[in-house]
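J.: Let me give you the structure first, and then I'll get to my questions.
The values are calculated or read from the model by the stated rules, or taken from the named source; none is laboratory data. Because the structure is a prediction, the values reported are computed rather than measured. Cβ placement follows ideal geometry from the backbone for every residue including glycine, while neighbour counts extend to all protein chains displayed. To get the accessible areas, we keep the full protein, side chains included, count just its heavy atoms, and leave off ligands, DNA and RNA. Shrake-Rupley method; radii C 1.70, N 1.55, O 1.52, S 1.80 Å.
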Amino acid sequence: MKRKSLMSVLVKQALCGALLLGGAAGSASRGGARWDRPEWSGTGRPAQSAALDELLVNKSVWGKNVSNTVKGMSVAYDGKRGLVFVSGIATRYLMVIDPAQSHPSASIDLGVSGSHTSSMRVDETRRRLFWVGRTDESIRVIDVDSRKVVASRDAAGAPSGRHPVKDVALDPATGWIWIANLDNHAVTGYSADLKSSTSIPGLSGPISVAAAPGGDLLYVLDAQGRSETRLLRYRPSAHDVAVLQTYSSTLLSPPPKLVHVTPDGTILVVNREVRAYAPDTLQTLWTASLPVSPESVVSVNGTAAFMLRKAGFERGYPESLVQLRDSSTGAALATVKVRFEASWAAADPEGERLFVGNGGDGSVSVISTATRKVLSTIDAGNGAEGVAIDSGIGTKYILNRLGGSEIYVQKAGSAKLERWEAGKWPTELAVDPDRRRLFALSHYESAIYRWNLSSNTRMSSLSLGVPGNTGDSLCDFDYDASTAIAGAVFPETGYVAAADMAAGGVLWTRRFADFAVGPDRGPGNAFVIVDGARSRLYVVWTVARRLSALDLRTGATKKEYSFRHSVDTTYAINAACLDPAGDRLFVGPDVVDLDTLQLTQSLSSVNKVFYADAGIALGMALDSNDMETLVELDANTLGVRRQWSLVSTGMMRLVPTYDPGSGRIHFADLANARVLSMAYAP
């Protein structure tokens, strides 16, 4: 069950990538009456400054303290210096990698905040790298030799969380960067110093832009609603626009979403169907079909590479695929398996290499276009997404899903971290000190990985018998050491499962199809709590605002409760907590009576409670400046006793774990790949 005790420690992890359903004000039921649910308003008490110890994962693993990036999707390459640049989301750093090494050697502070994915282009002639935020068209121009930001443009307001910037192109003749922004109905060009700009006139829905290798020639895909898209040609020097082709569902279904120009000038118009045109006559050179619509296209040395992020699922595995085709004939050359969530790539013409950014793996796959095989995989970033403690011996287990699907193991008294492979996207950890077991739930495989902690060896995994996930609507996991029963919920598909980990078998599975949210909703869509004392399994469906109490052994519904307000998922991880002494369940700041399954109170002092027992409750609060605060509550009155100011984190929140045995609270900081810890005595 979700309580931090000597018997079991459960850790939650954070995603990269999104916060869901922020706590909106509403009304709730209390004894049949209606009452306003308060917003978080602070405690009114002065906060102490917490004395925090710091474990830097990058320094421990790489031997060098390099700043971190999360979900390094965007990749650029500078052929003059032979360096790869990787940009992720929710972090402000651009990673600098020498492909001859196995990890970044430096980072560049972009000075951006918020949830950014990005596109990058390198102008090797003028020695400039353009970084473009896809959420708000913010721009950074970097001198690639000095690695300094030399020009900046910031959009008004905070990033939207959406991605209106659809594509970016660099005009080699002028050094201007061109940005297709769907929300603005514009393709806008900026000079390298960002002091001049202009826009292509008459656009409705620009979704892609590409530059011809000779310069002063752009191609634009302009969507006219859902069923029709135009291919346009634009000459910046003449400010001239011409319509070359019009695609509809009868000619090319669905309409194309990408335009790409190869080094020899061939125009590729791409969705699941690819059409190649001669640049002068627009004669169709070849057509081809892809298994899925690609995220992007890059070409080098006669090879066009299509980033097929989700094509692997059709073959039974979650890894992304890169399909290589002859750019002059369209002939399929090879399909290469890389890692997770590969969306963008960069090309090295001289070295005959492709650098593929694996956003869901914190790595870059290096592909040889000559052998059409993966040459190496380079670390681009790490993560600390949660901490589980083996209280008896003091060993820490640090979850690193987005930095390689692994667990870092730190033994008591040691500064070194040992790597354990942990399946495909491990999203939860739990330690059973008495049975000497460690468990991790694999998101993509819907299986529980198991380790024998007496021998430090991995055991066979336990499949839960439900479909694997295909997106990032993260699953949730709980383990109760008193019964050795684990519970899991998969909001993408609506499945719930329970397993007896002592016996090594699945107890039951059940699907709640009406509560399934689909593949790409991020974390915080559902939480699961195992209550061994009551033989119940609780599931909180945050989108449906429903709480289900299920029989732990059979999965039958015992009771249900419907929230009348949005479930607060400011903290999308560890947002549900069982209080065994108080016979209650905390869901974010909401307090639910376990006997009646009714909401009794909403706390204004915290956004979530993560531990409750022995007369105290511990919660986390976030203020308007993204400063995170640890709050100690009286378990009886739920009034604030003490609070500590921690750190300002931005988009990705700290994931706390309290270990009563050592008297310490650990905070996993995903964005900065570190674990903070402080001494605590109730």
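J.: Just going by the charge dipole of the chain, with Lys and Arg at +1 and Asp and Glu at -1 on Cβ, which of LEU55, SER87, SER343 is farthest out on the positive end?
T.: It is LEU55, whose Cα lies furthest towards the positive end.
J.: Right, here's the next one. Could you work out the relative contact order of segment 402-526? I mean the mean sequence separation of Cα pairs under 8 Å and 6+ apart, divided by the number of residues, in percent. Intermediate values should be presented prior to the final figure.
T.: Numbers: 282 pairs, mean separation 20.3, N = 125.
Contact order relative to length: 16 percent.
J.: Using 0.36 nm per residue of separation minus the Cα-Cα distance, give me the extension gain between SER562 and ALA334 in nm, one decimal. Present the calculation step by step, with values, prior to reporting the outcome.
T.: Numbers: separation 228, 0.36 × 228 = 82.08 nm, distance 5.15 nm.
This chain segment gains 76.9 nm when fully extended.
J.: Could you work out the relative contact order of segment 299-407? I mean the mean sequence separation of Cα pairs under 8 Å and 6+ apart, divided by the number of residues, in percent.
T.: Values: 252 pairs, mean separation 18.1, N = 109.
That works out to 17 percent.
J.: Among TYR277, ALA305, SER320, whose Cα sits farthest toward the positive end of the charge dipole of segment 267-354 (+1 at Cβ of Lys/Arg, -1 at Cβ of Asp/Glu, about the Cα centre)?
T.: Comparing the listed Cα positions along the dipole, SER320 ranks first.
J.: Would you please classify the overall shape of the chain from the alpha carbon gyration tensor, given that a ≥ b ≥ c denote the square roots of the eigenvalues, rounded means a/c under 1.5, and beyond that prolate means a/b larger than b/c while oblate covers the rest?
T.: Working: a/c = 1.82, a/b = 1.79, b/c = 1.02.
Prolate, because a/c is 1.5 or more and a/b exceeds b/c.
J.: At 1.4 Å probe size, put HIS163, HIS116 in order of accessible surface, largest to smallest. Could you put the intermediate results ahead of the total?
T.: Details: HIS163 80, HIS116 10 Å².
From most accessible down to least: HIS163, HIS116.
J.: Quick check: residue separation of THR600 and ALA415 times 0.36 nm, minus the Cα distance between them. What number comes out in nm?
T.: Numbers: separation 185, 0.36 × 185 = 66.60 nm, distance 4.53 nm.
That pair, THR600 and ALA415, stretches by 62.1 nm at full extension.
J.: Same structure, new question: Highest mean first, what order results for 90-97, 241-248, 76-83 on Cβ atoms within 10 Å? Mind dumping the intermediate values first?
T.: On the way: 90-97: 24.6, 241-248: 14.6, 76-83: 17.6.
Top to bottom by mean Cβ count within 10 Å: 90-97, 76-83, 241-248.
J.: Nothing charged except the Cβ atoms of Lys and Arg (+1) and of Asp and Glu (-1): what's the magnitude of the dipole of the chain about its Cα centre? Round to the nearest 20 debye.
T.: On the way: 71 positive and 69 negative charges, 116 e Å.
The dipole of the chain has a size of about 560 debye.
J.: So how strong a dipole does segment 93-192 carry about its Cα centre when Lys and Arg Cβ are +1 and Asp and Glu Cβ are -1, to the nearest 20 debye? Walk me through the numbers on the way to the answer.
T.: Numbers: 11 positive and 12 negative charges, 6 e Å.
For segment 93-192, the charge dipole is close to 40 debye.
J.: Say each of SER49 and ARG435 gets a label point 7 Å from the Cα, pointing the same way as Cα to Cβ; how far apart are those two points in nm?
T.: 4.5 nm
J.: Can you compute the radius of gyration and Dmax for segment 592-682, using only the Cα atoms, both in Å?
T.: Cα radius of gyration and Dmax of segment 592-682 are 13.8, 42 Å respectively.
J.: In segment 281-353, which GluC sites (Glu not before Pro) are in a loop and have at most 14 other Cβ atoms within 10 Å, using DSSP for the loop call? Show your work: numbers first, answer last.
T.: Numbers: sites: GLU295, GLU314, GLU319, GLU341, GLU350, GLU352; in loops: GLU295, GLU319, GLU341, GLU350, GLU352.
The qualifying sites are GLU350.
J.: Work out, step by step, the length gained on full extension between ASP326 and HIS185: first 0.36 nm times the residue separation, then minus their alpha carbon distance; give nm to one decimal. Intermediate values should be presented prior to the final figure.
T.: Numbers: separation 141, 0.36 × 141 = 50.76 nm, distance 3.38 nm.
Gain in length upon complete extension: 47.4 nm.
J.: Which ³J(HN,Hα) values, rounded to whole Hz and listed in residue order, are derived for segment 423-439 from phi using the Karplus coefficients 6.51, -1.76 and 1.60 in 6.51 cos²θ - 1.76 cosθ + 1.60 with θ = phi - 60°, glycine and proline given as x?
T.: Working through the residues one at a time gives x, 10, 6, x, 10, 8, 10, 8, 10, 10, x, 5, 8, 6, 10, 10, 10 Hz.
J.: Leaving out ligands, DNA and RNA, and with a 1.4 Å probe, what % of the accessible surface on segment 565-682 is carbon or sulfur?
T.: On the way: 1250 of 2960 Å².
Answer for segment 565-682: carbon and sulfur cover 42 percent of the accessible area.
J.: Filter the cross-link list LYS257/LYS373; LYS310/LYS424; LYS559/LYS608 down to pairs whose alpha-carbon distance in this structure exceeds 18 Å. Let's see the in-between values first.
T.: Working: LYS257/LYS373 28 Å; LYS310/LYS424 14 Å; LYS559/LYS608 23 Å.
From LYS257/LYS373; LYS310/LYS424; LYS559/LYS608, over 18 Å: LYS257/LYS373; LYS559/LYS608.
J.: Another question, then. Would you work out if segment 380-441 is rounded, prolate or oblate? Take a ≥ b ≥ c from the square roots of the eigenvalues of the alpha-carbon gyration tensor; rounded if a/c is under 1.5, else prolate when a/b is larger than b/c, oblate otherwise. Could the numbers behind the result be given before it?
T.: Values: a/c = 2.37, a/b = 1.32, b/c = 1.79.
Since a/c reaches 1.5 but b/c is at least a/b, the shape of segment 380-441 is classed as oblate.
J.: Follow-up. Rounded to the nearest percent, how much of the accessible area of segment 384-498 (1.4 Å probe, protein heavy atoms only) is carbon and sulfur? Walk me through the numbers before you get to the answer.
T.: Details: 1380 of 3130 Å².
Solvent-exposed carbon and sulfur of segment 384-498 make up 44 percent of the total.
J.: With all protein chains present, calculate the accessible area of ARG275 using a 1.4 Å probe and round the result to the nearest 10 Å².
T.: Accessible area of ARG275: about 60 Å².
J.: Is segment 90-199 best put as rounded, prolate or oblate by its Cα gyration tensor, with a ≥ b ≥ c the root eigenvalues, rounded for a/c under 1.5, and otherwise prolate when a/b is larger than b/c, oblate when not? Please list the in-between numbers first.
T.: Values: a/c = 1.90, a/b = 1.25, b/c = 1.52.
Judged from the Cα gyration tensor, segment 90-199 comes out oblate (a/c at least 1.5, b/c at or above a/b).
J.: Something else: Size of the dipole of segment 565-628 about the Cα centre, Lys and Arg at +1 and Asp and Glu at -1 on the beta carbon, nothing else charged, in debye to 20?
T.: On the way: 2 positive and 10 negative charges, 7 e Å.
Roughly 40 debye for segment 565-628.
J.: Please state the relative contact order of the chain as a whole percent: Cα pairs under 8 Å, 6+ residues apart? Mind dumping the intermediate values first?
T.: On the way: 2037 pairs, mean separation 102.5, N = 682.
Relative contact order comes out at 15 percent.
J.: Tell me, what is the 1.4 Å probe accessible area of ILE108, in Å² to the nearest 10?
T.: Near enough 10 Å² of accessible area.
J.: In a shell of Cβ-Cβ distance under 9 Å around GLU421, excluding GLU421 itself, what net charge do Lys and Arg (+1) and Asp and Glu (-1) give?
T.: On the way: positive: ARG419, ARG458; negative: GLU406.
In short, +1.
J.: Could you give each residue of segment 635-650 its phi-based ³J(HN,Hα) in whole Hz, using Karplus coefficients 6.51, -1.76, 1.60 with θ = phi - 60°, and x for Gly or Pro?
T.: So the J values, rounded to whole Hz, are 5, 7, 9, 6, x, 6, 9, 8, 8, 10, 6, 10, 9, 8, 10, x.
J.: May I ask you to give the solvent-accessible area per residue for the chain, in square angstrom, as obtained with a 1.4 angstrom probe?
T.: Numbers: 23540 Å² over 682 residues.
Normalised by residue count, the accessible surface of the chain is 35 Å².
J.: Which FRET efficiency, nearest 0.05, do MET678 and ALA581 yield, Cβ-Cβ r, R0 22 Å? Intermediate values should be presented prior to the final figure.
T.: On the way: r = 24 Å, r/R0 = 1.08.
With R0 = 22 Å, the Cβ-Cβ based efficiency is 0.40.
J.: Convert each backbone phi in segment 206-219 into a coupling constant with the Karplus relation 6.51 cos²θ - 1.76 cosθ + 1.60 (shift: θ = phi - 60°), then list the ³J(HN,Hα) values in order as whole Hz, x for Gly and Pro.
T.: Each residue's phi maps through the Karplus curve to give x, 10, 7, 9, 9, 10, 6, x, x, x, 6, 7, 10, 10 Hz.
J.: Here's something else I'd like to know. Lys/Arg Cβ at +1, Asp/Glu Cβ at -1, dipole of the chain taken about the Cα centre: which of ALA612, ILE207, ALA484 is farthest positive-ward?
T.: Value computed over the given set: ALA484.
J.: Okay, next question. Considering only protein heavy atoms and a probe of 1.4 Å, how much of the accessible area of segment 153-272 is carbon and sulfur, as a whole percent? Numbers along the way, then the final one.
T.: Details: 2350 of 5040 Å².
Solvent-exposed carbon and sulfur of segment 153-272 make up 47 percent of the total.
J.: Highest mean first, what order results for 544-551, 669-676 on Cβ atoms within 10 Å? Kindly include the intermediate steps, with their values, before the conclusion.
T.: Numbers: 544-551: 20.6, 669-676: 26.0.
Top to bottom by mean Cβ count within 10 Å: 669-676, 544-551.
J.: Continuing with the same structure: Using a 1.4 angstrom probe on the protein heavy atoms only, could you order TRP286, TRP344 from most to least accessible area? Walk me through the numbers on the way to the answer.
T.: Numbers: TRP286 15, TRP344 50 Å².
Ranked list, largest accessible area first: TRP344, TRP286.
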